[in-house]
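The values are calculated or read from the model by the stated rules, or taken from the named source; none is laboratory data. Being a predicted model, the structure only gives us computed values, none of them experimental. Please note: Cβ atoms are built from the backbone with ideal geometry, for glycine as well, and neighbour counts cover all protein chains shown. Only protein heavy atoms, including side chains, enter the accessible area calculation; ligands, DNA and RNA are left aside. Shrake-Rupley method; radii C 1.70, N 1.55, O 1.52, S 1.80 Å.
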Amino acid sequence: MPVAGLRPGTPDQPADLVIRNAKVHTNDPGRPRATALAVRDGLISAVGDDADVVPLVGPDTRVVDALGRRAVPGLNDSHLHVIRGGLNYVLELRWDGVPTLRQALAMLRTQAERTPPGQWVRVVGGWSADQFAERRLPTLDELNAAAPDTPVFVLHLYQSALLNRAALRAAGFTRDTPDPVGGQIVRGHDGEPTGLLIAAPGALLLYSTLAKAPALDEADRAGSTRHFLRELNRFGLTSAIDAAGGFQSFPENYGTVMELARQGQLTLRIAYHLFPQTAGQELDDLTRWVSTVRPGDGDAWLRLNGAGENLTWAAADFENFTEPRPHLGGYETEFEKAVRLLMENGWGFRLHATYDETIRRDLAVFEKLAAEGLFPHGNRWLFDHAETVSPDSLDRIAALGGAVSVQNRLSFQGEAFVNRYGAPAAAEAPPLRAMLNRGLTVAAGTDATRVSSYNPWVALHWLVSGRAVSGRRLAAEHNRLSREQALELYTLGGARLTGEEDVKGRLTVGSYADLTILSADYFTVPEPDIPHIESVLTVVGGRIVHGTQEHQGLAPDLPAVTPSWSPVTRFGGYHATPAPGLAGSHQAERVAEAAAASEEQRAWREARGLALPGQGAAPLDPCFF
């Protein structure tokens, strides 16, 4: 159809897609702004204004009018557990964005009634007690009242899990079940488990308990992953770097995304990492992998990026901020062997490191290998998280050619961090400005789904405002970013970690046609409105993968969610609430509507002799006159 007078011509190389009438932020210093762009064969073929794209409109070109909305490069979460999240998405009740505990418990009660015998209700990450108006967790009594017969597992950050009585039975916990190393099964005076599990400080007890719940079959795992990717597209995500993680074995748990990639059904570009799963076998796993696959294997949709975020289990520090920092034993000997193996074989890697104490020990190993010429060696490597990294450690990371990936974990764990380490430490956690000032490559992400929410706009709000979901300002003013800088970390930052900055993260000719049109202008909305932004149109590789509002129906439909009792069929994913600024405009609209209604009522009363002209709605009532 012609759009605002555009008529198709017969160009030699017509565009497949044209976006026009947009406020395009390109991330390109050479041309930072545009109003239109064209796409051919999955790549951007023109950027500019109508005069630049109209000559490329052919009979089969789809022309989309952005109606003056903001368009930005597709977002790229540099640390997202997308593969594991996809395998379980349709099984999980999401409390992400839910504003009150009362509403969360009502959702849980409803889902318990819908869940068939033998299945569990699982609330697994993406929320914090700090987001609720009540500022507290549910009690065990509340869980048991909401679901007396259906097993319920509620994970709260890396700190704890709550199980109702039915879940305790299903998981096999009794008074004789011993506490595992690094975890605690809380018991009552009678010695029986109460249903509270505590990470002390490791979360293995929490995750191993969750692993006892029934899993999806292969067909449902594929559907679950497709719906999770579409949920990520809903927020403008077009790429993610999968950080692997516990209970994510290669190749078994990667089979679903690999098959979807073969079928051309991915709607998100994924660069994945490999994570040794068994303590004591890490070197065997890494040796096998470096001899069979190499970073970069795959294509533009699914590719291997390296090892991590653990190389050896003994070197991992756990970020349960309600507990003291874990004191790690000696791990350097095996850790050095793992790093040497990777560097000598051209593999990059990423390392989970929350505390500067761990980072300093890791850097000492790297510096030892640097004396042999292995650092810097052209391999991409980085630290993840780094909440308490010191200035000296940042200098050492820069000297060794490293990078840093930061996440908004303090959006959800900020209150616990302040309670343990104090507000001054939280103001610098992590030291974003200090990283950027040293010229380090810094990328942003969420660490979803088991702690933070996968909503990237919550993370962008944290980078810009320094506020936790409680509303408390944590980051110092000098440690907060401009909106442009934050967006760069969420677009080009991730592309740099995968070596794709030439084709990803900018809207320039020859780049991947990955972009999103936003529901509100990220650069101008009031700061509290940033977490409420969504995408109205998401394009990946020139394909429209998500459309809503005026673009409803442009993305192909997905098969129905299965199983039919899935929480997603009733509640969806992230729970959207009105933006504060939008809520104010709605209130103003209602006032205007009320005023208009009053004027209509006055005219109606005057026409019937029930009010005198010019006297408003003053009644002519015999009781008064």
Taking a straight Cα-to-Cα line shorter than 29 Å from LYS23, and setting aside same-chain lysines fewer than 8 residues away, one finds LYS504
Surrounding charge for PRO73, neighbours by C-beta under 9 angstrom, Lys/Arg +1, Asp/Glu -1, total +1
Along segment 436-441, Karplus-curve 3J(HN,Hα) (6.51, -1.76, 1.60; θ = phi - 60°) to the nearest Hz, with x for Gly and Pro, reads 5, 5, 8, x, 5, 6
A chain fully extended from SER564 to ALA576 at 0.36 nm per residue, minus the present Cα-Cα distance, gains in nm 2.1 nm
Residues meeting the amide H criterion for GLY183 (H placed from the backbone, H to H distance under 5 Å, 5 or more places apart or on another chain) are ALA200
Rounded to the nearest 0.05, FRET efficiency between GLU357 and ARG473 (Cβ-Cβ, R0 25 Å) equals 0.40
Taking only Cα atoms of segment 71-167, the Rg to Rh ratio with Kirkwood Rh works out at 1.02
So for R0 = 41 Å, FRET eff. of THR100-ASP190 from the Cβ-Cβ r, to 0.05, ends up at 0.80
Computed from the beta carbon distance with a Förster radius of 51 Å, FRET efficiency for ARG340 and ARG136 to the nearest 0.05 stands at 0.60
In the chain, whole DSSP H helices that both stretch 24 Å or further along their axis by alpha carbon positions and average at least -1.0 on the Kyte-Doolittle scale are 580-607
Given 417-428, 176-187, 75-86, the highest-first ranking by average Cβ count within 10 Å works out to 75-86, 417-428, 176-187
Taking every C-alpha to C-alpha distance in the chain and binning by 20 Å from 0, the per-bin percentages run 18, 50, 25, 6, 1, 0
Note on the chain, DSSP bridge orientation, antiparallel percent to nearest 5 equals 50 percent
Taking only the Cα positions of segment 286-349, the convex hull volume per residue in Å³ is 95 Å³
Hits in segment 255-273: amide N under 17 Å from the 7 Å Cα→Cβ extension of ALA300, namely 261-271
If each K or R counts +1 and each D or E counts -1, the residues other than PHE173 whose Cβ falls under 15 Å of its Cβ total +1
Taking the reciprocal of mean 1/r across every pair of different Cα atoms in segment 461-591, the Kirkwood radius in Å is 17.6 Å
For LYS368, counting only aspartates and glutamates whose alpha-carbon sits under 12 Å away and dropping same-chain residues fewer than eight positions off, the answer is GLU332, GLU336
Excluding ligands, DNA and RNA, the carbon-plus-sulfur percentage of the accessible area of the chain with a 1.4 Å probe reads 52 percent
Within segment 333-350, the residues whose backbone N lies under 18 Å from a label point placed 7 Å from the Cα of ASP284 along the Cα-to-Cβ direction are 334-335, 337-338
Over the chain, the sum of -39500 (n - 2.57) across DSSP H runs of at least four, divided by residue number and rounded to 500 deg cm²/dmol, gives at 222 nm -9000 deg cm²/dmol
Under the 7 Å Cα-to-Cβ spin-label approximation, THR524 and GLU218 lie apart by a distance in nanometres of 5.2 nm
Yeah, segment 383-461 with a ≥ b ≥ c from its alpha-carbon gyration tensor (a/c under 1.5 is rounded, else prolate when a/b outruns b/c, oblate otherwise) is oblate
